Amino acid sequence: MTEFTGVKLPEFDTMTSKHTEAARRLEELAQALHSELQSAGLDSSPAARLRQLAGRVTTQAEDLRRRQKLVHELQRQRVTFGRSTPAGSFLDMPDSLEAANGLLDGTLAGRAALNAAEGDARALAALERYASRTGDAEFVKAFLGALGAHGVTRLPGSLAAQLRDARAHGDSDRMAQLSRQGQKALRMLSTALAKGTDPKNPAYVGADFLKDLVKEGRAEHKAGDTKYSGYQAQALIWRVHDGQPPFSKKFMEVVGRDVIAYEYEQRKDEWAARKDPLGRIFADAQVPIVDLAGALGLGNLFRPGTHAGSPVTKGTSSVVDDLFHAAKSSREASHALLDHTPAGWKESVLDYLLTTRWDASRYVGDYAPFNDMLLTATTGQDATSQKLAAEMTKILAGEVRGAFGKADSGLEIRDREVFDRYTPLSYPLARAIGANIDQLSRLLLDHSTFGEVTAEDMSYALALATSHDAGFEALVAAQTEHMRAALDTVPPVGLDISNAERLGFTKADVKEFDFDGDGRVDKADIKQFLTDRTVAEARPFSHIVEIRRQVLIAQGLDDKKADEALKTMVGDAIGLLPVPGAKQVGQLAKGVFGELVGKGYDKLSGAAYDEIANQVAQRMSEHGRSLDETHRTLADNRLAVERLAEQMLATAMLNKGLLDDVNMKDQIFTTGTPPTIKPFTVMSPQEYSKFLEWVRKKGGSDDLLDRFGGTIRRTSEVDDYLGLQIPAASGGRR
């Protein structure tokens with residue numbers, strides 16, 4: 001909390017004047033003394049010390065003059081008021097100049113905002129001058145203090161009404177000006193509100209302000225002949241927020257949760273009527289509470305980047321969707337909304353949003369705010385993110401389960417309406433599962449559970465998640481990283497008790513990896529470990545790819561594009577192998593994949609690698625395809641995954657010493673004397689192909705690849721979990 005000092009204005013003016021005069025006279029005295037001492041040939045250091053004193057007094061005098069100017073301006077603007085005491089009348093004065101400036105500018109900005117809410121065009125223009133001041137905590141506190149929760153709510157309501165009036169009168173110039181100035185004013189409000197309602201921010205204005213926002217949000221307001229709830233106006237502030245800084249957990253706990261409860265209270269009877277037999281016939285769509293821009297038909301005119309006459313101004317947002325937009329920038333904020341069960345509710349907020357309220361989201365049709373918040377809330381590695389990811393997986397699996405059935409060719413979508421109802425959530429679901437990809441292995445290999453999610457639940461959730469092209473790519477990428485991390489735990493050839501600690505292992509690790517019990521981890525031990533891990537990692541791959549195959553065939557692929565994502569992934573993965581040539585015995589090369597992922601390594605690979613990738617997954621037509629073409633594309637997906645596995649296994653074998661001491665003479669992928677493997681970024685497709693062939697023959701990876709390929713083609717688990725009993729397809733399904 002900023003400390004304030006009380007000053008008597010006349011005495012303060014006198015003190016400032018005398019201090020200034022003292023500084024001037026000290027400087028004159030120092031100059032005179034220096035001249036006298038120098039003329040007499042004496043030491044002039046006393047004059048120097050006096051000049052230093054004069055400098056300090058001058059600095060103090062300048063500070064007092066700045067304070068004097070601010071005190072007079074604070075009094076003139078009636079920002080602070082006199083206080084009478086037995087010792088006299090005092091004027092409150094912030095101790096620091098920054099605080100005083102913030103108090104002054106924040107108060108003036110708040111008054112300008114209040115006047116702008118009254119329709120004062122000059123005040124709205126004046127408010128723009130303070131837009132850059134929201135980085136100052138004292139300014140924010142004074143600004144919000146001058147506005148109050150009522151003013152914060154009233155300004156966007158008034159701006160919206162003014163914009164509607166300008167449009168009604170065909171005043172395009174005024175519309176454009178209000179749209180531009182309104183966007184800036186709302187952005188300024190959003191930044192100030194995010195800071196002022198965060199207890200961790202020095203601009204925090206206190207818990208009472210949050211309570212007042214709730215009170216104003218639930219209250220009815222009026223602008224001209226337009227009546228609206230306060231939350232409809234506040235929502236315009238949330239929707240323009242750029243996430244810097246994000247709204248706080250506290251804001252979402254107090255205001256955000258109440259917004260969701262408020263809409264439920266206002267709409268529950270109307271929405272419940274739609275579930276009755278007659279309601280399904282006569283009731284309207286599940287309409288949410290739209291924000292004030294939507295209620296007045298203003299679309300996106302108050303959102304940055306839009307302008308009057310723009311073709312994108314017809315959109316409508318709900319109050320709750322605008323809240324999601326504000327919450328998506330912070331994991332803490334999104335958790336505060338979703339990981340909560342309101343008093344008297346039988347379902348969590350996440351459950352409510354995915355089921356009871358979902359048709360209201362579909363009515364608006366703008367899924368980005370909700371999906372973005374789900375991505376923020378469910379893709380972290382913390383316990384709450386994982387809990388929400390499991391809850392979402394369980395809920396959506398239950399919702400889409402009834403859409404599927406068994407057909408002669410495999411999976412069938414029996415209720416397309418149910419399936420299509422939830423396809424907008426397929427991508428965030430895929431990302432949530434991908435962020436917890438280790439749980440898929442545990443479900444399939446260890447018969448574990450992920451929260452309340454079973455392997456059967458996960459299979460139906462994957463049927464929804466893999467129907468999204470980018471979602472499928474995210475899942476394969478996540479499982480690829482999972483396999484890479486698993487293979488990275490392989491010890492190097494030559495690990496024993498004497499070098500275990502130096503290489504980052506324990507004696508217990510040596511015993512675990514020493515399958516033949518000879519006290520040393522040799523090539524045979526590593527091959528056995530790789531075999532076990534290869535089979536274990538192939539099973540989740542099989543589940544993902546086979547369910548994708550089943551769903552796409554069930555959808556008919558009438559509007560599906562070829563899966564270019566995997567082709568790109570294969571092209572990217574080539575070149576992720578470690579820099580070759582160095583011996584790996586007694587060394588541990590860690591994180592080769594992890595250090596390069598996301599760093600633009602595709603630019604290093606060059607055209608040659610794109611050619612190799614094309615050999616794995618050929619570009620398909622973007623138009624409709626026959627069933628034969630569909631099966632070929634899906635087979636290419638499986639082949640692409642096998643190529644990824646081949647690259648990772650080659651990486652592990654090279655890293656861990658299985659290829660050390662293997663003769664490389666006369667190989668086209670080597671260079672120099674003695675021969676070393678060329679960097680992969682300069683290999684031609686033919687050289688790279690020969691390298692993989694050499695790894696298979698000399699390193700003994702054929703068996704590993706065969707085990708991987710056999711496992712990924714064994715699809716009986718998918719058939720079981722999805723309730724399918726399908727005869728094996730020729731050449732693939734076992």
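The values are calculated or read from the model by the stated rules, or taken from the named source; none is laboratory data. What you see is a predicted model, and the numbers here were worked out from it, not measured in a lab. Quick reminder, even Gly has a Cβ in these numbers, built from the backbone with ideal geometry, and neighbours come from all protein chains shown. Protein only, heavy atoms only, side chains kept; ligands, DNA and RNA dropped before computing areas. Shrake-Rupley method; radii C 1.70, N 1.55, O 1.52, S 1.80 Å.
Checking the a/c ratio against 1.5 first, then a/b against b/c, what shape does the Cα gyration tensor give for the range 88-230?
On the way: a/c = 2.15, a/b = 1.58, b/c = 1.36.
Prolate is the answer for the range 88-230, as a/c is 1.5 or above and a/b outweighs b/c.
Counting every alpha-carbon pair across the range 324-475, the share separated by more than 20 Å comes to 47%.
Charged neighbours of ASP291, selected by a Cβ distance under 13 Å, balance to -2 (K, R count +1; D, E count -1). For the set ASP291, ASP706, the ranking by accessible area, highest first and with no ligand, DNA or RNA atoms included, is ASP706, ASP291 under a 1.4 Å probe. Computed from backbone phi, the HN-Hα couplings of the range 339-347 come to 8, 7, 10, x, 4, x, 8, 9, 9 Hz, rounded to whole numbers (Karplus: 6.51 cos²θ - 1.76 cosθ + 1.60, θ = phi - 60°; Gly and Pro given as x). The alpha carbons of the range 427-528 give a radius of gyration and a Dmax of 18.2, 51 Å, in that order.
Given the C-alpha centroids of the range 348-374 and the range 138-214, what is the distance between them in whole angstrom? Comparing the Cα centres of the range 348-374 and the range 138-214, I get a distance of 26 Å. Across the range 195-206, rounded Karplus estimates of 3J(HN,Hα) from the backbone phi angles (6.51 cos²θ - 1.76 cosθ + 1.60, θ = phi - 60°) give 6, x, 10, 9, x, 8, 9, x, 8, 4, 9, x Hz, Gly and Pro being marked x.
Mean silhouette area of the range 148-275, derived from the convex hull of its C-alpha atoms and averaged over all directions, reads 9.2 nm².
Shown in residue order for the range 712-721 are the 3J(HN,Hα) couplings computed by the Karplus curve 6.51 cos²θ - 1.76 cosθ + 1.60 at θ = phi - 60°: 5, 8, 8, 10, 5, 5, 4, 4, 5, 5 Hz (x for Gly and Pro). Remark: the range 162-278 carries a charge dipole of roughly 300 debye about the Cα centre, counting +1 on each Lys and Arg Cβ and -1 on each Asp and Glu Cβ. Selection among SER172, PHE209, ALA223 by position relative to the dipole of the range 160-223 gives SER172 as farthest towards the positive end (Cβ unit charges, Cα centre). Label the range 355-412 by shape, choosing from rounded, prolate and oblate, from the square roots a ≥ b ≥ c of the eigenvalues of the Cα gyration tensor; if a/c is under 1.5 it is rounded, and otherwise prolate applies when a/b is larger than b/c, oblate when it is not. Cα axes put the range 355-412 in the oblate bin.
Under a 1.4 angstrom probe, counting protein chains only, how are ILE712, ILE668 ranked by accessible area, largest first?
Numbers: ILE712 0, ILE668 85 Å².
Final ranking, largest accessible area leading: ILE668, ILE712.
In this view, the solvent-accessible surface of SER318, computed with a 1.4 Å probe and all protein chains in place, comes to about 0 Å². For THR676, the amide hydrogen comes within under 5 Å of the amide hydrogens of THR671, counting only partners 5 or more places away or on other chains and with H modelled in the peptide plane. Measuring only protein heavy atoms, the 1.4 Å probe finds SER35 accessible over about 60 Å².
Would you mind working out the magnitude of the charge dipole of the range 363-493 relative to its Cα centre, with +1 at each Lys and Arg C-beta and -1 at each Asp and Glu C-beta, to the nearest 20 Debye?
On the way: 10 positive and 19 negative charges, 25 e Å.
Roughly 120 debye for the range 363-493.
By accessible area of protein heavy atoms, probe 1.4 Å, what ranking do GLU263, GLU693, GLU220 get, highest first? Let's see the in-between values first.
Details: GLU263 5, GLU693 50, GLU220 135 Å².
Correct descending sequence by accessible area is GLU220, GLU693, GLU263.
Estimated at the nearest 10 Å², the accessible area of SER348 is 20 Å² with a 1.4 Å probe. Rounded if a/c is under 1.5, else prolate if a/b is larger than b/c, else oblate: which is the range 166-219, with a ≥ b ≥ c the root eigenvalues of its Cα gyration tensor? Oblate, since a/c reaches 1.5 and b/c is not below a/b.
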